[in-house]
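The next block holds one structure in the form of C-alpha cells; read it before the comments.
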Amino acid sequence: MADRYDPTEIEPKWQERWERDALYHADDDDPRPKWYALTMFPYTSGNLHIGHWFAIAPSDVQARFMRMRGHNVMFPIGFDAFGLPAENAALKQGIHPAKWTWDNVATMRGQLKSMGASFDWQREIVTCDPAYYRWTQWWFLKLFETGLAYRAEAPANWCPGCQTVLANEQVKDGACERCGSVVSRRSLEQWFFRITKYAEELLDFGKLQWPEQVMTMQRNWIGRSEGAELSFALEQPAGETQEIRVFTTRPDTVYGVTFMVVAPEHPLVAALTTPDHRAEVDAYVAAAARATEIDRLSTEGEKTGVFTGAYCVNRLSGNRVPIYIADYVLYSYGTGAVMGVPAHDQRDFEFARKYGIPIVQVITPVKGETQALDAAYVEPGSMIDSGPFDGQTNAEGWQGIADKAEREGIGRRTITYRLRDWLISRQRYWGAPIPIVYCEKDGIVPLREDQLPVLLPDDAEFLPTGQSPLALHQGFLHTTCPKCDGPARRETDTMDTFMCSNWYYLRYVSPHFDGGPIDPALAPKWLPVDQYTGGAEHAVMHLLYARFFTKAARDIGVVAIDEPFTRLFNQGQIMGPDGQRMSKSRGNVVAPDQQVSRYGADAFRCYLMFLGPWDQGGPYDDSGFAGLSRWLHRAWTIATEETPTTRDGESARAVRSLAHRTIQRVTEDIEKFRFNTMLAALMEYTNGLARLRDAGPVDGAAWTEAIESLILMLAPAAPHIAEELWERSGHSYSVHTQAWPRWDTRYTTVEAVTIVVQVNGKLRDRIQAPTGLSEAQAMAQAMASGKVRPFLDGKAVGRTIYVPDKLLNIVIG
C-alpha cells in the first residue's frame, strides 16, 4: 500500500523548497513569451480571511496554468499598506500606525505563503515603505509639472467619523463607505488630479478585454453629454457679471424656459438675491451646505427651492425668467446653473407645479397642437411656440437653435462630462506626504527630486481634531523653500491611498530599481498586465484611476502603453455564513487557518473554487471540506497504488479516451475561469480511472500516461499534492515547470455506442448514444423511447442497473 496522504507533512515541505529555489521568480532574461498575471493586492488589515483566498487561489491557478503552457509568468504580490484603519488603530489602541501595519504585513505574508500560491516574492512591494512612496511622491511632482495636479478650493465630502475628506466614489448612500458616518459638505483648499483631461480617451475601451459590466459602469460615471452652452442675460448685473450660462442637452426646448435654477453654493447667489428675499435665501443656502451630494442628487426626494428675487432674460425668446436656487443643482457640475423647462423635463415639471411656475409646451406629438400635460412630454415631436422653428421636428430644431446661438454669439455647441477631477487630499497622517511647500515669497513650491522621500515623522500625535497630525508636528511642518532657501511650511495633507494603487503594477516590473519608478529597459518587456483579477466594486475607483494614471504616465514619457490591464476578470464575493458580506462589524468574517490546518491548503483552495462559478461567489459553508479532502485522498491512492497492467489495445483506447477528453475539458475550463467545472471534470476523471482499474488489468503504457496527466492537471489547483505525487512517480523536480498536457483529437472524438435497454431483464430497445453517457442521461433517453415508455407508464421504478456504454436495466415493481 502507498503511504497515507498527509497534507500537514507535504505542504510545508514543498513551500519551503519552492521558496528556497525561487521557483516562481520571473527571470527578466527568459526568452519565453511573457505573461504578466496580477491579482489586486490585499490591504494590510491584519489577517487573511476567506475573501482573500477566494480572490487569490483561482488567480494562482490561471498563473500556474500559463506557466505550464510555456510562458515566462510574472505573478507578483505586495501590500496596500496606507489608509485609515491603521490610523484609527492608533487612536483606539495606542499603537503607532507603522507598527500596526508592519506587524500585519508579517502576519499576512506568512498566511499568503501557506496558501501555496506561485507568487514572485522577490518583487514584493509595500506601499508604506519609504522606498515605495518616494516614487509615489515623484509621480505627484511629474503630474504637478505637467498641470495635471493642482490646488483649488472646492466643496468636499467630510466624514466626521474618519475626520477626513472623502472622494465622491467613497460616499455610499450619503455615508462614509468605511465607517458609515453621515457625510457632510465643507469648502476646503484641496489637491486634485485633472482626470477630466482624459475623459474622452477613457471612453475608448477598444484595447481592453474587460467585462461589459465594468465598461458600462465607467461610461456612466464619465457621463458624456453632447449639447449646447447658452447665455441668459442678467436683468440686473451681479457685480461685473452680466450673464448666466447654462449647459443643456435639449437646446430644442429653450423657448419653453420659464425659470432658472442656480446652485445654492454658486458665487453669484449673494449678488443676485434681493433684500426682501435675503433671509429666506441665506437659510436655504445654510441647509443645503449640510446635505450630501447623494441626497441632493437623489431622484426620490421632493425638489425644493427658493426665489432670489432676481430675473434673467432668455436671449432667444426675449422672455423674462425668474431665478431660483435649488439644492438639486451643484456648482461643481457643468456651469452650476440649469434652465427650467417644465413641459419637457419631469424634475422641472414637479418643481414648477410646486411653486406655481408656468408650464409652456414647445414640442408636441401632434403638429401645431398643444396638450394638457399631466407629466413632462419627453418624446420626439414637432416644434411649437418656438419662433422661427415652429413646424420643424425637434431634431431639426435642436440643430437650428444651436446654429442660431453660435451665429449670434450667445451660445456654442459643446460636450460635458459627469466625471470630475479626482480629489486626492486627505487630512490624515498615514499616507504618502504631498511633496509641496508653501513659501511667503514663492508661493506653492514643489520639492526637488533629490529631496524625496518626504518621510512621515515617527512621533506624530494622533488627536481627533479634524486636522492631519502632520499639521501639529512642528518639526515636520516647518522647513525651507527649495527655491529661495527661506522659511516655508510643508503641505500637511497626505495623498489618497488610491494613488499608491494607481501605479503599483508598474513598480513590480523593477521593484529594486533606484533610477526611477520603473526600469525603462524592462517596461517594454513586461507591460501591460496581461491578466488582472479583482472585484467589480473597483470599477469607478481603482480601475478608472489606474487607466487615467497610465495615460498620464504615457504622456509624461515614462511608459509606452495606453492601458494598464489588457484582460480583466471580476470574481464574485464570498459571503459570510449568514449570507451577508463579510465584515468585522457584522462578526461574520471567517478565518481560513483552522480549516487549512485540518484539511490542508490544497483542499481549501479546491473547496473555494468548487463552490460555484467564480464570477458569482456565494455564501460560505464549510460542510463541503470533507468531500474535497476525500477526493484528494482518492487521487493520491490512484496515483500511488500499484495497479495490475497488461498490453491491451481496447483498454489502452478506453484509458486514453478518458484522459484526453478530460485534458480538453480542464484546459477549456481554466481558459474560461470555470474552476468549479474544472474540478468536477477532475473528480469524474479520478472516478473513471478507478472504474477502469477495478474492471481488470489496464494497458500499462496508457495507464502511466493517464496518471501523469492526472498529476499535471492537479498541479494548478492543488500544487502541493501534485508536486509530491510527481516526485513519488519518479519524475524530476518540479511538476510546475512541466508542459501542460495536450489532447489528441483521435481520443476526444465522441463515438456512438449502442446501449441495450431492458425492463425487468427483458429487452425492450437498443438506443444509440455518445460514449460516456451518465446513468441519468441514459435513463432520460430510455424514457423518451416509444418502445420503452409503454412498459413504464403508471409504474414506479424501483431501481436501475447501469453498465456504462452497454446496458440499462430498469426494475419496476
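The values are calculated or read from the model by the stated rules, or taken from the named source; none is laboratory data. Here the structure is a predicted model, which means the values were calculated and not measured. Positions of Cβ are backbone-derived with ideal geometry, glycine not excepted, and every protein chain shown enters the neighbour counts. These area figures cover heavy atoms from the full protein model, side chains too; ligands, DNA and RNA do not enter into them. Shrake-Rupley method; radii C 1.70, N 1.55, O 1.52, S 1.80 Å.
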Area accessible to solvent at R347, 1.4 Å probe radius, in Å² = 80
remark   = Note on the range 224-417: alpha-carbon gyration tensor, axes a ≥ b ≥ c; rule is a/c under 1.5 for rounded, else prolate if a/b larger than b/c, else oblate; result prolate
request  = Can you grab the distance from the C-alpha centre of the range 7-77 to the C-alpha centre of the range 570-646, Å, no decimals?
outcome  = 18
task = About the Cα centre of the range 638-748, how large is the charge dipole given +1 on each Lys and Arg Cβ and -1 on each Asp and Glu Cβ? Please answer in debye to the nearest 20.
result = 360
task = Work from the charge dipole of the range 716-813 (Cβ charges, +1 for Lys and Arg, -1 for Asp and Glu, about the Cα centre) and give the residue of L792, Q777, W726 farthest towards its positive end.
result = L792
request  = Could you size up the charge dipole of the chain around its Cα centre, putting +1 on the beta carbon of Lys and Arg and -1 on that of Asp and Glu, and report it in debye to the nearest 20?
outcome  = 1640
query = Which whole-Hz ³J(HN,Hα) couplings does the range 357-362 yield from phi under the Karplus relation 6.51 cos²θ - 1.76 cosθ + 1.60, θ = phi - 60°, glycine and proline marked x?
reply = 8, x, 10, 10, 7, 10
Distance in nm between pseudo-label sites at D276 and E9 (7 Å out along the Cβ direction from Cα) = 9.6
key: For the chain, with +1 on Lys and Arg beta carbons and -1 on Asp and Glu, the positive-most of G587, Q122, P619 along the dipole   = P619
ask   = Solvent-accessible area per residue for the range 1-98 at a 1.4 Å probe radius, Å²?
value = 38
key: Protein-only accessible surface order, largest first, of D348, D276 at 1.4 Å   = D276, D348
M575 accessible area, 1.4 Å probe, all protein chains in place, Å² to nearest 10 = 50
ask   = Looking at the square roots a ≥ b ≥ c of the eigenvalues of the Cα gyration tensor of the chain, which shape do they give, rounded for a/c under 1.5, prolate if a/b is larger than b/c, or oblate?
value = oblate
key: Rounded, prolate or oblate (a/c below 1.5 giving rounded, otherwise prolate when a/b exceeds b/c) for the range 638-748 by Cα gyration tensor   = oblate
inquiry  = Spelling out what I want: for every residue of the range 182-188, take phi, set θ = phi - 60°, compute 6.51 cos²θ - 1.76 cosθ + 1.60 (Karplus), and round to whole Hz; glycine and proline get x.
reply    = 5, 8, 10, 10, 9, 9, 9
message = Taking 22 Å as R0, compute the FRET efficiency from the Cβ-Cβ separation of N687 and D744 and round it to 0.05.
response = 0.50
ask   = Per the Kirkwood treatment, what hydrodynamic radius in Å, one decimal, follows for the range 381-435 from the mean inverse distance over all distinct Cα pairs?
value = 15.3
inquiry  = Which one, G387, A343, A289, projects farthest toward the positive side of the charge dipole computed for the range 224-417 from Cβ point charges (K/R +1, D/E -1)?
reply    = G387
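With +1 assigned to the C-beta of every Lys and Arg and -1 to the C-beta of every Asp and Glu, and no other charges, what is the dipole magnitude of the range 752-812 about the Cα centre in debye, to the nearest 20?
200
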message = Given a 1.4 angstrom probe, I'd like the percentage of the accessible area of the range 366-420 that is carbon and sulfur, rounded to a whole number.
response = 49
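Residues of the range 638-748: accessible area per residue at 1.4 Å, in Å²?
42
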Set K142/K441; K303/K404; K142/K207 screened for pairs whose C-alpha atoms are more than 29 Å apart = K303/K404
key: Helical contribution to [θ] at 222 nm, DSSP H n ≥ 4, -39,500 (n - 2.57), averaged over the chain, rounded to 500   = -10500 deg cm²/dmol
inquiry  = With just the Cα atoms defining each centre, how far is the range 315-391 from the range 705-746? Give it in Å.
reply    = 71
